[in-house]
Amino acid sequence: MGSDEDGNEHMNRSNSKKQFNSGLPRSLRNAKGVFSPPNGGELRMQQSGLPHHSAVRNEHHMYGPGGVTPERGMILPFQPLSIAFSEISYYVDMPAEMKHEGVPEDRLQLLTSITGAFRPGVLTALVGVSGAGKTTLMDVLAGRKTAGYIEGDIHIAGYPKKQQTFARISGYCEQNDIHSPQVTVHESLVYSAWLRLAADINPAFKSQFVEEVMELVELMSMRDALVGLPGMTGLSTEQRKRLTIAVELVANPSIIFMDEPTSGLDARAAAIVMRTVRNTVDTGRTVVCTIHQPSIDIFEAFDEVLLLKRGGRVAYMGPLGHHSHKVVEYFEAIPGVQKICEGCNPATWMLEVSSVNVENELNIDFADLYEKSFLFMRNKALVHELSQALPGTQDLSFPTQFARSFAGQLSSCLWKQNLTYWRSPDYNLVRFVFTLITSVVFGTIFWQIGVKRDTTNDIFIVMGALYAATIFMCFNNCGTVQPVVGVERTVFYREKAAGMYSAIPYALAQVMIEILYVLIQAAFYSSITYAMIGFEWTIVKFFWYFYIMFCSLLAFTNYGMMMVGLTPNGQLAVILASFFYSLFNLFSGFLIPMPLIPAWWIWYYWICPLAWTMYGLMASQYGDVYTKLTISGDIIVSEKKLLSVSQWVQDYFGFRHSFLHVVAGMIALWPVLFALIFIFSIKFLNFQRR
Ligand SMILES: Nc1ncnc2c1ncn2[C@@H]1O[C@H](COP(=O)(O)OP(=O)(O)OP(=O)(O)O)[C@@H](O)[C@H]1O
Ligand SMILES: [Mg+2]
């Protein structure tokens, strides 16, 4: 059992897999012209001073630990690295549904003692039926699991894997292509490169590297195309897949995981993507792909196969062989297994003959058979060898966790947020138009009512106008920012897992970009409504009005962001945010004036942001007005009993002009507080379950 190696195997692979023109399956060759290396195949890869297994060891032995020598070079050097893993098991807590069905165990095992290795320049296919555990294995190896229990050892170039350094030398192309919609292909790549390439690399080299990657994955023609939303605008599914690959490649990783890069694509598109994957391997990187129902051509573009069966057990790990002959030989040698028919798809055949039905029929277990095979012994020996560090080499180490400093991360995040905001008219233009319309509507409804200060009714109307307009504007800001932050948060999870930045600069950039837009919005709103409502024309009073509105709008924008940060999905964020709307409304000081709020509820008045807004707006406008006021409804009022505007506002609403400096501080505190909670929720709460 288990096919032995012969010297021809390496030749086969070098010639047939790596040189697409000759040996690559038909459709790949024909997909879009003949594959031609953009730089004429010129080998420019420089060897770093770090340990380098490839090419040095076992160059002519397919099962050598080093893998194969790179064929394509790029401007930035990288270190070819192997990943060897032994006895990997993974468990999750038993799902409640299964417990209810009477399963006694506390843990559910998803991966069972998986041993294997992936080497530079070797393209490995991770195959198995749906639910076999392919994604789980990649997640465990890449350190992307957020829950569960992992057992076993993983070694990178002979040294135990450390997640922090691993994130710097690996890339993970997720099955779902998650990208910020409002940036172009080139900008997405520049952003990824800037955040993931070491800060000391010459910027000109970085730019050139981005260009090279774009050529490698054939994205040149859509360089300035906006990414857009999947299925709606921008790139097609296939172009999106290639962008996903490119975004990882610009980080110059040594090891790349790709989860189903060809799923959901038609044959032609899959061939184009596969060609870019092959190009990537030919640069000497270690690449592992999960594939689902591959065509013959796609399947045969791989060098090695890791077949998982249900329960996360290995049924085969080894070479594919020319026209899949190694795999076919292995399975056909098992007594009872049906022979492959002429022209049949070996990938489909392999899955069929190793299915649970066949196992039951033949009363065998393919995982047991594999564990008794010569192939397994050899894999174990290889893993053992790759788990030992070569003498004279050093473990990977980087001076800092992230490639860029805090300021570098913040400026890159801000750069992308700025582009995104500028190109999101459905969010920003709409909110400006909305502000304009609202201001004019309120201005015309309450036209020049601010001029009148003769009766208490006049003051009531102004208070009502301010209350209605503020609620309208603030709640609207809160509602509209939520989906924007929600979409970006999914991108954030991917980028954070890729080690691009820490959570704080990302969240801070999100807060900072809003400040700019809210400032413009507040300027619009304040100028229009102030003039139309007819408040007193003094610089100080106008500034108060503007300052209070700016802080309030910002507070509610940040409040919306905070709710997204604190909840797992948009729906819950909306529900939670609206729950507090009614309380804010009730305690704003308009529906129930502050002096009438029962003593045991007054605390809520003081923690209600809207109450501070109303306090500030009214106290700044009327707190220093000493003209006398007629109490509406009183028929006979002696001159002595008339109150000044200032006094009445204080008696009735509890607003004192002398308290304004406290209000000024508090009104600025709310946006800061909500922003801080948002930032820390992004940092400490992870709602992504993997
Ligand atoms: N957190 C979890 N709790 C319980 N079961 C889980 C969990 N994560 C994954 N599984 C189960 O583990 C199995 C393996 O899942 P995985 O996503 O790795 O499969 P896959 O081989 O990638 O399948 P597909 O081809 O559909 O992508 C599935 O049956 C899945 O339902
Ligand atoms: Mg999967």
Stretch in the chain that is longest and holds no GluC sites (Glu not before Pro) that DSSP places in a loop and that have at most 13 other beta carbons within 10 Å
343-690
Counting only helical runs of four or more DSSP H residues, what would the 222 nm mean residue ellipticity of the chain come to if each run contributes -39,500 (n - 2.57) and the total is spread over all its residues?
-16000 deg cm²/dmol
Relative contact order of the range 503-613, pairs being alpha-carbon contacts under 8 Å that are 6 or more residues apart, as %
22
The range 186-230 scanned against label point 7 Å out from TRP422 along Cα→C-beta; backbone N under 20 Å for 186-195, 207, 223-229
Normalised contact order of the range 98-216, rounded percent, pairs of Cα under 8 Å and 6 or more residues apart
14
Restricting to Cα pairs under 8 Å and 6 or more apart, the percent relative contact order of the chain works out to 14
Give me the distance in nm between label points sitting 7 Å out from Cα along the Cα-to-Cβ direction at ALA523 and ILE504, one decimal.
3.1
Compute the distance from the alpha-carbon center of the range 559-589 to that of the range 182-231, in whole Å.
38
Dimensions in Å of the range 83-159 - Rg and Dmax from alpha carbons
14.2, 47
Prolate/oblate/rounded label for the chain (Cα gyration tensor, a/c 1.5)
prolate
With viscosity set to 1.002 mPa s and temperature to 20 °C, compute the Stokes-Einstein D of the range 217-374, Rh being the Kirkwood radius across alpha carbon pairs; µm²/s, no decimals.
123
Stretched fully, the stretch from CYS341 through TRP600 gains (0.36 nm per residue minus C-alpha distance, one decimal, in nm) 85.0 nm
For the range 406-684, inverting the pair-averaged 1/r of distinct alpha-carbon atoms gives a Kirkwood value in Å of 19.9
How far is it, in nm, from the label point at PHE205 to the one at SER658 when both lie 7 Å from their Cα along the line to the Cβ?
6.8
Give, in nm to one decimal, the length gained when the segment between TYR493 and ALA531 is fully stretched (0.36 nm per residue of separation minus the Cα-Cα distance).
9.1 nm
Test of understanding: what is the full-extension gain from ILE631 to SER89, defined as 0.36 nm times their sequence separation minus their Cα-Cα distance?
187.2 nm
As an exercise, identify the chymotrypsin sites (Phe, Trp or Tyr not before Pro) in the range 550-650 lying in DSSP coil whose Cβ has no more than 14 other Cβ atoms within 10 Å.
TYR626
Here, LEU572 and VAL440, labelled 7 Å along Cα→Cβ, have an inter-label distance in nm of 4.2
The FRET efficiency for SER411 and GLU105, from their Cβ-Cβ distance with R0 = 51 Å and rounded to 0.05, is 0.55
Beyond 23 Å (Cα-Cα) in this structure, taken from LYS145/LYS496; LYS241/LYS309; LYS452/LYS628; LYS206/LYS416, we find LYS241/LYS309
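FYI, it's all coordinate maths here, none of it is from the lab. All values derive from a computational prediction rather than experimental measurement. Heads up, the Cβs are rebuilt from the backbone with ideal geometry, glycines too, and the neighbour counts pull from every protein chain shown.
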